[in-house]
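The next block holds one structure in the form of structure tokens; read it before the comments.
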Amino acid sequence: MKTYLTYGFYMALGSALLVLAVFFLGLHSDPTKLSLAQWVQGCGGLGIAIACIIFGTKARRAEVPVTEEFAYGSALGSGVMITLFAALFGIVTTYLYTAVINPNFTEVTMQAQAAAFEAKGVPTDKIEQIQKITAAMMKPPIQAAFGFVFGMLFGTIISLITAAFLKRAASDEPPAMA
């Protein structure tokens, strides 16, 4: 359990630091820069998630004696547990970010969304209608809940893939003593 908690914390911390870096670079305060921020966060977050799941699963595998199998299910379970703790920590960091650190993030997001719809030629009344729904969905608790769900979804997908490479068959030989 400690391994899952540790690597889940690292994953959430890395993601939170990435969001703060993007914020301090001013990419979350300008609607025209929001797409760049999303791209940076997407790529960076994916890298952080993959690294933490791989290193955490390897750490968990190292705790299992080599004479015992660390099957696909064990590797998958490790990745999912790491993801679970990261997503739980992420609820707190997402809420703090959207409610305390950058409460204007919703406005910036909605401005960027309106500009994208205008560029596509969507009528103004339709844009206003969409923005009413978006405003209801962009409240900090709801964003934190969506962050949890999507974090679990993408973390599980990453875990499904990494588990195939991190499983280990049981060894017939006892470990060599140095």
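Readers should treat all values here as calculations from the given coordinates under stated rules, not as data from a laboratory. Remember, predicted model here, so these are calculated numbers, not experimental data. When we count neighbours, we look across all protein chains shown, and the Cβ atoms used for this are built from the backbone with ideal geometry, even at glycine.
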Kindly list the number of the only condition in (1) buried (at least 16 other Cβ atoms within 10 Å of the Cβ); (2) part of a loop (DSSP other than H, G, I, E, B); (3) free of Cβ contacts under 8 Å to residues at least 12 places away in the same chain that fails for G77. (2)
Of all residues being surrounded by 15 or more Cβ atoms within 10 Å (Cβ to Cβ) and more than 15 Å from the chain's Cα centre (by Cα) in region 23-46, which is farthest from F105 (Cα to Cα)? Just the residue, please. K33
Quick check, is T57 in contact with a Gly (Cβ under 6 Å, 6 or more places away or on another chain), surrounded by 22 or more Cβ atoms within 10 Å (Cβ to Cβ), among the β-branched types (V, I, T) and in contact (Cβ under 8 Å) with a residue 60 or more places away in the chain? yes
